[in-house]
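Engineer: If you scroll down you'll find the structure; I have some questions about it.
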Amino acid sequence: MQLVFASNNKNKILEIQSMLPETIKILSLEDIGCIEDIPETAATLEGNAILKANYVTDKYGYDCFADDTGLEVESLNGEPGVYSARYAGEQRNAEDNMNKLLEALSDQTNRKAQFKTVIALNINGKQHLFTGIASGTITLEKAGNQGFGYDPIFQPEEYEETFAQLALEIKNKISHRGKATQQLIHFLKEQN
Ligand code: IMP
């Protein structure tokens, strides 16, 4: 079985390939000659994951999956959500994004937040959605230097550390993306 992962992130592609049986071959966008930017213009994470997966299936004819992730902060009505990457502007800078979020929560006592990953899979003419959630809180200040994005200010439930202070193997087990990916892998293994 050949399946496109609508991503150019080589680490993500290698990681998921290593978790699947060899009979399922994951192709990147580069592998299928898709070099253009795929529009991500939907107002929801689900919408963007679906847009990306459908683009590849409709235009290139492959079975495909795509993911989209956002950080949803309860007291900000779910913001930055689908706009997480460019919360502080089109420069998409992680430091700027974290500073803006810490500022927005400066006098907030409710600091609950969740990361959410949605994966849309198009396979054999059908679409399936998988969702992974990591619940936690936004810390008062940054801590740790591993990971990326909002990791230094996100403390997952039941941990004393931020994502940026946890070993990658631990983060992968409890993270939004890890949970959504495990569901996808379980589903694909059953199909295989
Ligand atoms: P993407 O959909 O995976 O590109 O994620 C969108 C944005 O959400 C990223 O640019 C980051 O700002 C944020 N994000 C996604 N996953 C994580 C994570 O695991 N830790 C911290 N930030 C994340």
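Since every read-out is calculated from the coordinates, none of them should be taken as a lab result. Being a predicted model, the structure only gives us computed values, none of them experimental. Heads up, the Cβs are rebuilt from the backbone with ideal geometry, glycines too, and the neighbour counts pull from every protein chain shown.
Engineer: Lys173 to Asn8: extension gain in nm, 0.36 nm per residue of separation minus the Cα-Cα distance?
Structural biologist: Stretched fully, the Lys173-Asn8 segment lengthens by 57.1 nm.
Engineer: Let me ask something else. Give me Lys12, Lys126 ranked fewest to most by other Cβ atoms within 10 Å of their Cβ, as a rough exposure proxy.
Structural biologist: Details: Lys12 16, Lys126 8.
Lowest count first: Lys126, Lys12.
Engineer: Which is farthest toward the positive dipole end of the range 101-191 among Ala113, Asn145, His186, measuring Cα position about the Cα centre, with Cβ charges +1 (Lys, Arg) and -1 (Asp, Glu)?
Structural biologist: Most positive-ward Cα: His186.
Engineer: Would you calculate the separation in nanometres between label points at Leu140 and Lys25, each defined as 7 Å from the Cα along the Cα-to-beta-carbon direction?
Structural biologist: So the two model labels end up 5.6 nm from each other.
Engineer: Let me have the 222 nm mean residue ellipticity of the chain computed from DSSP H runs of 4+ only, each contributing -39500 (n - 2.57), with the sum over all residues rounded to the nearest 500.
Structural biologist: The helix contribution divided over the chain gives -9500 deg cm²/dmol.
Engineer: Could you work out how far helix 45-60 tilts from the main Cα principal axis of the chain, as a 0 to 90 degree angle to the nearest 10?
Structural biologist: That helix lies at roughly 20 degrees to the long axis.
Engineer: With +1 on each Lys and Arg Cβ and -1 on each Asp and Glu Cβ, and nothing else charged, work out how big the dipole of the chain is about its Cα centre, in Debye to the nearest 20. Show your work: numbers first, answer last.
Structural biologist: Numbers: 18 positive and 28 negative charges, 84 e Å.
That gives the chain a dipole magnitude of about 400 debye.
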